[in-house]
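Each remark here refers to the structure printed beneath this line.
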Amino acid sequence: MKEQIVYEDNHLLVINKKVGQLVQGDKTGDESLLESIKNYIKVRDAKPGNVFLGLVHRIDRPTSGLVIYAKTSKALSRLTQMVKNREIKKTYWAVVGKEMIPQSQRLVHYLKKNEKNNKAIVFPKATDGAKEAILTYHVIKTLDNYLLLEIDLETGRHHQIRAQLSKTGVPIKGDLKYGSPRSNPDGGINLHARRLEFIHPVTKEKIEIVAPVPQNDAVWRACEE
């Protein structure tokens with residue numbers, strides 16, 4: 001756990017999540033990062049009672065990268081409000097197939113969640129029950145067989161990046177659910193929450209955190225070189 005903590009102070013803690021880790025408990029019953037971090041802090045700091053830890057935002061299980069947890073209820077309420085107000089800037093990296101796409105593009109779609117298969121349905125126009133989804137991507141590196149995209153999110157919808165890129169003809173590497181031809185050996189997808197920028201909810205300092213990509217993936221390593 002120690003190696004995954006990329007930022008920590010008295011108010012919050014930021015983790016570089018690995019592929020396959022759950023940010024909080026779900027119906028699988030697998031241990032979540034929330035529980036793992038609580039247990040780690042309890043032992044590390046020799047805390048006699050329960051450890052307070054609140055999840056500020058989520059990223060999907062097959063995705064890697066930065067996740068914020070709050071260590072106090074005050075920080076949790078302020079950070080949750082900041083997420084709602086879009087005051088936390090999130091930048092993602094995604095690896096996609098080497099297709100002919102514009103170097104930079106702002107994508108606007110409308111997404112509706114299908115609860116049965118836990119998948120986002122993408123519509124080109126406003127549709128009943130669908131929420132507007134906006135992102136901007138830039139191609140920042142060209143590899144032998146892939147493109148590396150840097151993505152800035154304007155909205156935070158269910159499976160937004162995965163669904164919008166798939167609709168544009170470039171599903172994320174390893175993302176079988178959204179049209180990738182092959183899975184990755186670790187069962188994850190090449191989507192990484194790379195950078196977070198926000199004003200600290202208590203100290204008011206500007207915080208900028210960058211997460212290294214998973215080092216067990218040769219394509220990711222090539223992206224970072």
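Here are a few things to note about the model shown:
- Residue 123 paired with residue 84, simple spin-label distance in nm, labels 7 Å along Cα-to-beta-carbon: 2.5 nm
- Computed from Cα atoms, the angle from the helix 33-44 axis to the main principal axis of the chain rounds to 30 degrees.
- Antiparallel %, DSSP beta bridges [both residues in the stretch 53-135], to 5: 100 percent
- Extending 7 Å from the Cα toward the beta-carbon at both residue 39 and residue 152 defines two label points whose distance is 4.0 nm.
- Angle of helix 73-84 to the longest C-alpha principal axis of the chain, folded into 0 to 90 degrees and rounded to 10: 20°.
- Potential lengthening of the chain between residue 77 and residue 114 amounts to 10.4 nm, from the contour at 0.36 nm per residue minus the alpha-carbon distance.
- Ordering of 90-97, 209-216, 68-75 by packing [mean C-beta count within 10 Å, highest first]: 90-97, 68-75, 209-216
- Fraction of antiparallel bridges per DSSP, the chain only, in percent to nearest 5: 95 percent
- Alpha-carbon Rg with Dmax, taken over the chain, Å: 17.8, 58
- Average accessible area per residue (Å²) across the stretch 143-225 - probe 1.4 Å, nucleic acids and ligands excluded: 45 Å²
- Given charges at Cβ of Lys, Arg, Asp, Glu: the stretch 136-199 dipole, positive-most of 180, 146, 158: 180
- Cα-Cα separations in the stretch 51-184 greater than 23 Å, expressed as whole percent: 39 percent
- Cross-link pairs exceeding 28 Å in C-alpha to C-alpha distance, out of 27/204; 2/116; 27/141; 90/173, comprise 27/204; 2/116; 27/141.
- Cα principal axis extents for the stretch 88-156, largest first, Å: 40, 27, 21
- Length gained on full extension, residue 7 to residue 27: 4.3 nm, using 0.36 nm per residue less the C-alpha separation.
- Under 15 Å, Cβ to Cβ, from residue 152 - net charge with Lys/Arg +1 and Asp/Glu -1: +2
- With the highest mean first, a sort of the peptides 161-168, 177-184, 32-39 on other beta-carbon atoms found within 10 angstrom per residue produces 161-168, 32-39, 177-184.
- With every protein chain in place, the stretch 130-190: carbon and sulfur % of accessible area (1.4 Å): 46 percent
The values are calculated or read from the model by the stated rules, or taken from the named source; none is laboratory data. Keep in mind the model is a prediction, meaning the values are calculated, not measured. A quick note on method: Cβ atoms are made from the backbone with ideal geometry, for glycine too, and the neighbour counts reach across all protein chains shown. Remember, those area values only see protein heavy atoms, side chains included, never the ligands or the DNA or RNA. Shrake-Rupley method; radii C 1.70, N 1.55, O 1.52, S 1.80 Å.
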